[in-house]
Amino acid sequence: MGKLLFLILSIIKNFRKLKLRLTGNTEFGISSSRVVSGKAWDDFCDQLKLAGASLHYPGAPTDPFQQAEGIRYLTRLTRAGLEAFVEYNDPAFPVLRQMVHETVKMGADNPDNVYLNAQISGHYEYRITGKRNTIDYIGFFTQNGNYGSTGGLAPCGKIDDKQLVCEPDGSFEIILSKTPKGKNWLKIENETGLVIIRQTYLDRKTEIPAELRIENLDGRKAPDPVTPEKIDEGLKTAAMFVGGASLLFSRWANNFRKHSNRLPMFDPAVSNAAGGDESIIYYHSHWKLGPEEALVIEVLPPSCDTWNFQLNNYWMESLDYRYFNICLNKASAKYEEDGSVRLIVSPTDPGHPNWIDTCGHTEGTMCWRWYRLKEGVQPVAPGCQVVQFKDLKDHEKR
């Protein structure tokens with residue numbers, strides 16, 4: 001499907017080039033005119049205005065608090081889009097950046113993760129160098145497409161920490177190319193537009209993320225000057241990213257309302273197309289609680305590398321994990337005697353070690369992940385039950 005979409009986009013692009021030739025126009029001429037006249041900026045602002053429609057997508061909350069969060073969400077996406085597609089959009093000189101972090105969030109961003117990505121191109125070869133350090137997991141992924149494209153993010157190449165060859169001091173080198181090269185090879189194709197690096201903590205307080213750097217191997221020493229085309233295209237892509245990402249996840253959140261306060265498995269094909277890790281089993285849903293209610297989640301974890309659970313607002317932004325207890329993982333959770341785990345989601349601390357704070361929210365989205373299930377092990381859906389807060393102690397005794 002990804003290749004078909006890119007084929008269609010390629011046909012459209014070639015048709016546009018043919019039309020330009022027939023009319024005597026050029027991309028440079030059109031972009032120059034748009035930049036000088038101010039139309040490039042005007043169109044960007046108009047597209048941002050249209051992105052506000054995602055805040056009123058069917059099912060979206062209309063109360064002032066959640067709408068205010070929604071507007072902040074759009075400003076965060078705008079900041080991320082401009083950095084990615086205007087400031088750091090040169091695939092000849094890629095820069096590893098945290099596009100998603102404590103104050104830019106989207107798509108149920110994982111509080112246990114350090115997300116890094118860089119704009120790349122199938123026209124070049126690259127080298128990533130670094131030092132592994134102590135973070136529990138690291139994975140490198142190339143994706144065909146980009147966050148601002150209409151063709152999705154089709155998986156291309158992958159190396160994780162089980163395959164990564166490191167020197168005795170923890171250093172390593174990865175070559176990104178179309179054909180295998182070096183001890184660590186990460187595949188790219190003509191359509192490749194993004195490299196994503198995911199690092200996952202078990203204990204954020206003690207583990208050290210990898211030190212990483214990316215470089216283009218074609219030998220050039222300095223980037224070319226900015227051009228009208230780059231600015232025009234960068235603004236278009238940034239606006240498409242804001243509108244596309246916000247609409248996509250508003251649509252997801254609305255669909256999750258069909259199974260509110262439950263955690264069914266999410267379609268892996270959908271998560272992979274949105275840039276998810278194909279080695280992770282996701283359980284996305286919506287939650288909604290009254291002021292005197294709690295959501296009790298119970299499961300016997302299958303054999304896997306790790307797992308985690310997180311609570312999000314309606315816009316699929318993780319709640320503020322800097323200050324509140326909104327997530328748990330395999331290392332931080334307290335287990336029952338039989339190896340099962342019970343989490344309590346509620347607005348008030350019930351005195352349970354696995355309490356998840358709703359942070360003043362009455363509804364939102366949530367996500368459970370199983371990471372890299374052992375061979376032959378089947379995924380298990382967590383069980384959910386809404387109970388009265390006053391009845392939690394009786395529920396614990398059962």
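Screening the candidates Ile196, Ile214 for the property of being farther than 30 Å from Glu375 by Cβ and not polar (S, T, N, Q) yields one hit, Ile214.
Search region 334-351 for residues being in contact with a Ser or Thr (Cβ under 7 Å, 6 or more places away or on another chain) and assigned to a strand (DSSP E or B), and hand back the single one that is surrounded by the most Cβ atoms within 10 Å (Cβ to Cβ). Once the filter is applied, the top-ranked residue is Val345.
Residues in region 203-212 include none that are within 29 Å of Ser37 (Cα to Cα), charged (D, E, K, R), assigned by TED's automatic domain parsing to the domain that holds Val35 and modelled with pLDDT under 95. All of (1) aliphatic (A, V, I, L, M); (2) touching a Gly at 6+ places or on another chain (Cβ under 6 Å); (3) part of a helix (DSSP H, G or I) hold for Leu235 with one exception: (2).
The values are calculated or read from the model by the stated rules, or taken from the named source; none is laboratory data. Just so you know, these numbers come straight off a predicted model, no measurement behind them. Neighbour counts run over all protein chains shown; Cβ positions are idealised from the backbone, glycine included.
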